[in-house]
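One structure is given here, and the rest of the page talks about it.
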Amino acid sequence: MLRRSVAEAGRGLPIIEEGMPLPAGSGLSRRTFLTRTAGFALAVYGASKLPLGLFEEGIARAAAPTDPILVSIFLDGGADSLSMLYPAGDAQYAALRPTLALAPEAGLPFAEDTSLHWHPSLAPLAELHGEGKVSAIPAIGYTNADQSHFTSRHYWEVGATDAHLRTGWMGRYLDVAGTMDNPLQGLALSDSLQPSLASTNVPIAAVSQVDDYGFWAQNVWGEPETRMLDAIGSFTASSDPGRAQVAEVASRVAHLREQLLPFDNGNWGSPVTYPTSSDPFPARLAGLAAMIAAGLPLRCVTVSAPGMYDTHADQATDFGSALALTADSLKAFQRDLEARGLADRVIVHVWSEFGRRGEENGSLGTDHGAAGMGLLIGSQVKGQMLGEFPGLASGLDEDGNLKATFDFRSLYCSLLEQWFSTDAAAIIPSAASFDRPSLLK
Amino acid sequence: MVAAAQVPVYHGPFGKKEAERLLWRAGFGPKPGEAKEVARKGLKRAVDDLLHPPSPRLIGKAPTADGGEPLSPRDAWGHDHLWWLDRMVRSNQQLVERMTLIWHDWFATSNAGVGSQKWMLNQNSLFRKRALGNFESLLIAVTRDPAMLIWLNGRDNTKWSPNENYARELMEIFSLGAGSGYTEDDVREQARALTGWRNDWEDGAGDVNFRYDATRHDNGVKFVFGHSGNFGWEDACRLCVQHPPHLTYFVRRLWSYFVPTPPPATTESALKALYKRSGHEIAPVVGAILRHPRLYTGPAMLKPPVVQVAGMLRARGRPVDTGAWAWISEIDGQRLFYPPNVAGWSEDRWLDTSTFRGRWIAANYAARKYALDPGAASGKLPLDAQELLSRALDFWGNPGLKRDTRTALLGFAKSALADADQSWKKAQYPVLVLNALRMLVAVSPDYQTC
């Protein structure tokens, strides 16, 4: 709550908890502006010396409708890979998971290795897999997996097992390949910056809610109201970092409010139907497809999947529905891109900070594990399994957790080199030590 | 043996400004005139009175929801939030209430996972009762608290199939900090030590009958932090508190709730020594932080959203009389009983363009029923920016404003009054401007921080 100061948070030294790694991107300045090209309000991080108007020009200039785009989808909490792609009929699986083991007939067989089956909620992805548009990674991770949510997630975000690294792996890519005036190149579809996008030099952005941004006051109207709304942005308060932070946010608020006045949100012209949900996930993907269709210069985009995957208890209750909404939305997104003729430009990467323990825990749930499940989705992906399912007989480590057969940094290096045509050595620490499996068709 | 250095004590002037800061950081802001009274006491007595309050009393009108009906905090949606907000507004034990909020964040438990307002309120009463007591006893009490047993699966943890959730967070979040002196083996061994809690489910009543069941407890020898023994659940807590990294974690984290910059190294060691010497008592450390020079001379601190709301109501002498505070809390970023995760609220996210709007809506709800009617009050207010600002400040109990904020507000008022080029505007604009000034004062950098 009050931990660390707001005063420092303004300059950005937030620490989630003592001892936890500082999230990448902590400390980047943040400003909000509306890009007229996009019709979006963007929170812009970093590059604070550039006037916001420049971004508009940068976006227009950078519009290059052939650039590849990577969409990173995070399953928060450590998703259970042994349910997502499960060893159907395996006696040891049934023994380890007396209540949670899925029956062989519950889910569709995984065409490349029929001893594995898709979770019933992932049927939409099984369909895309059948079309050669999904590469499954059944045991992705790293050796000596850290089982703290906050630490392991940080490793994935920064692309290294380094608690002190402060930039995200995609942020460092953008520092190499991006431009100083295009904040849309790294876009978090959320209320705040995603650490994996944290950059050092180039600006990146977050789309905030653009509808319903009114500032109403009882019995204030007419000219005085207009003056009042302008006055929200008039505080200076430079003498004290705590007060200055409020003044700075207030000034962004005034600017954003003005920019959003004419905004009419929600009509994306989607050629397909997305799932209806109170969760913003499907609408965010629908909006993303529309942004790509509008030719906006996106490169790396992050979205959090619906649901919470930290299933220590009653896993069967919520896991399936969250996964179903995720898979249904991702399939709609793929079909949307296909209908708009954009599917060759986008790869979706689905990840989680770790998998879960092989053995269920007696609370109808599972504890934190090691290797987990990853997915690459898109018309350009090879559609072949990356790494292998290590099996339960010899694939569990001494703690009973799935061993990784594929390193997440290997995936990052390959994506950088094969999808973004950028040398991974400049971006991923010790890049030379990781394999480069072929990811694309 | 060298005596431990003393924690530095503030000896500068202690006037209304310093008293205001103390009342906001150790409580929920001053009632009108209270800052001056506290300033007269001087720092030492002011802090002593906070640490040793009179017997608990809620002063003022009891809370109601929109229809004027009394609250049903155990049952009705949002009434849990309203119920606690009322205590923040009316309690004569302001530091106890503020510490209760700190423990709610420290041992962050969300009703999103517990699913019972009754058990959440039960936990809340535990935090209040032990707010300024002994940390080891608090940790032990939290470990067996029903809401916590549900939230982090302590009740699911048995000798046959240990559930590590509580053991991990016990060390990572509650007592030691990530990566501070424990291993994955310690997590597993502590999970074994913590086995044995269970409860029953009754249709209609839900989770009931929380109890320790020795038949579920793992009686084997456990190895924790290099010690071995047949440890039980209380031992698991004691081992954490006695483990040396706990001192640093406790002192830094507690400090961070009151002062926005980290403690100087000498202060940190003195606080650790004080905490250890006291046998892990909370009150001496809190007292030393509240008397520390940094609290009075350091930078301003953003008020947490719920503190801001409670403070506005205290300044107005207004009871909780609307259910709106519950939904507004979801926009301003601090819905009580629903912290975002087990690590609590992250203060670096208190303020952004979305939550600022939540704070604006909160200010409007605090002020709207007092808003002046330009029709009824026409002709009664002067076309005088200074006078209108002074009345707007009076509305919020005269909080101190820095010169730059005062300049911005006067600039607004002058230009808005200058727009009044017709007689009806000359009559009505001062009223509109005063209503607007109340809002602008409320969201100003000065009133949003302390």
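The values are calculated or read from the model by the stated rules, or taken from the named source; none is laboratory data. All of these numbers come straight from a predicted model, not from anything done at the bench. Positions of Cβ are backbone-derived with ideal geometry, glycine not excepted, and every protein chain shown enters the neighbour counts. Just the protein is used for accessible areas: all its heavy atoms, side chains included, with ligands, DNA and RNA removed. Shrake-Rupley method; radii C 1.70, N 1.55, O 1.52, S 1.80 Å.
Total residues in the range A:233-255 satisfying the condition of being open to solvent by less than 20 Å² (accessible area, probe 1.4 Å) and more than 7 Å from chain B (Cβ to nearest Cβ): the figure is 1. The condition of being closer than 22 Å to A:Pro297 by Cβ, modelled with pLDDT under 90 and assigned to a helix (DSSP H, G or I) holds for A:Gln259. Among all positions in the range B:318-333, there is at least one residue which is within 11 Å of chain A (Cβ to nearest Cβ), in a loop (DSSP other than H, G, I, E, B) and under 25 Å from A:Pro241 (Cα atoms). Here is the figure for the range B:395-450: residues that are facing chain A (nearest Cβ under 9 Å), closer than 25 Å to B:Ala26 by Cα and part of a loop (DSSP other than H, G, I, E, B) total 4.
Residues of the range B:251-279 that are over 15 Å from B:Arg25 (Cβ atoms), of a type in the set (Ser, Thr, Tyr) and either open to solvent by 10 Å² or more (accessible area, probe 1.4 Å) or within 13 Å of chain A (Cβ to nearest Cβ) (or both): B:Thr266, B:Ser269, B:Ser278.
The rows are residues; the columns are (1) touching a Cys at 6+ places or on another chain (Cβ under 8 Å); (2) in a loop (DSSP other than H, G, I, E, B); (3) open to solvent by 60 Å² or more (accessible area, probe 1.4 Å); (4) more than 20 Å from A:Leu70 (Cα to Cα).
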{"site": "A:Thr366", "(1), (2), (3), (4)": "no, yes, no, yes"}
{"site": "A:Ala370", "(1), (2), (3), (4)": "no, yes, no, yes"}
{"site": "A:Leu375", "(1), (2), (3), (4)": "no, no, no, no"}
{"site": "A:Ser379", "(1), (2), (3), (4)": "no, yes, no, no"}
{"site": "A:Leu386", "(1), (2), (3), (4)": "no, yes, no, no"}
{"site": "A:Ala393", "(1), (2), (3), (4)": "no, yes, yes, yes"}
{"site": "A:Gly400", "(1), (2), (3), (4)": "no, yes, no, yes"}
{"site": "A:Ala432", "(1), (2), (3), (4)": "no, no, yes, yes"}
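Where strands (runs of 3 or more DSSP E) fall wholly inside the range A:79-153, the ranges with 1 or more residues that are under 30 Å from B:Ala343 (Cα atoms) are A:134-141. Report whether or not B:Trp345 is touching a residue at least 60 places away in the same chain (Cβ under 8 Å) and facing chain A (nearest Cβ under 9 Å). Yes, satisfied. Look at the range B:243-266: where a residue is farther than 18 Å from B:Val307 by Cβ and in a loop (DSSP other than H, G, I, E, B) and a partner is of a type in the set (D, E, K, R) and modelled with pLDDT of 95 or more, sitting 6+ places away or on another chain with Cβ atoms under 9 Å, you get B:Thr261/B:Arg294; B:Pro262/B:Arg252; B:Pro262/B:Glu268; B:Pro263/B:Arg252; B:Pro263/B:Arg294; B:Pro264/B:Arg294.
Residues that are without any contact (Cβ under 8 Å) to a residue 24 or more places away in the chain and either of a type in the set (Ser, Thr, Tyr) or surrounded by 17 or more Cβ atoms within 10 Å (Cβ to Cβ) (or both) are absent from the range A:344-359. Exactly one residue out of B:Ala147, B:Ala108 is in contact (Cβ under 8 Å) with a residue 12 or more places away in the chain, over 20 Å from B:Asn230 (Cα atoms), of a type in the set (Gly, Ala, Ser) and buried (at least 24 other Cβ atoms within 10 Å of the Cβ): that is B:Ala147. Restricting A:Pro120, A:Pro68, A:Pro104 to those that are within 23 Å of A:Ala425 (Cα to Cα) and surrounded by fewer than 21 Cβ atoms within 10 Å (Cβ to Cβ) reduces the list to A:Pro68. Determine whether the range B:285-294 contains at least one residue that is farther than 20 Å from B:Val241 by Cβ and within 13 Å of chain A (Cβ to nearest Cβ). Yes, the range B:285-294 contains at least one residue that is farther than 20 Å from B:Val241 by Cβ and within 13 Å of chain A (Cβ to nearest Cβ).
For the range A:280-310, which residues satisfy the criterion of being out of contact with any Asp or Glu (no Cβ under 9 Å at 6 or more places or on another chain) and open to solvent by 50 Å² or more (accessible area, probe 1.4 Å)? Matches in the range A:280-310: A:Pro280, A:Ala283, A:Arg284, A:Ala294.
Residues being within 14 Å of chain B (Cβ to nearest Cβ), buried (at least 24 other Cβ atoms within 10 Å of the Cβ) and touching a residue at least 40 places away in the same chain (Cβ under 8 Å) are represented in the range A:312-332 by at least one member. The set of residues in the range B:104-157 being touching a strand residue (DSSP E or B) at 6+ places or on another chain (Cβ under 9 Å) and of a type in the set (Asp, Glu) consists of B:Asp145, B:Asp156. Take B:Ile282 and decide whether it is farther than 18 Å from B:Arg21 by Cβ, in contact with a Leu (Cβ under 7 Å, 6 or more places away or on another chain), open to solvent by less than 30 Å² (accessible area, probe 1.4 Å) and not charged (D, E, K, R). The answer is yes for B:Ile282.
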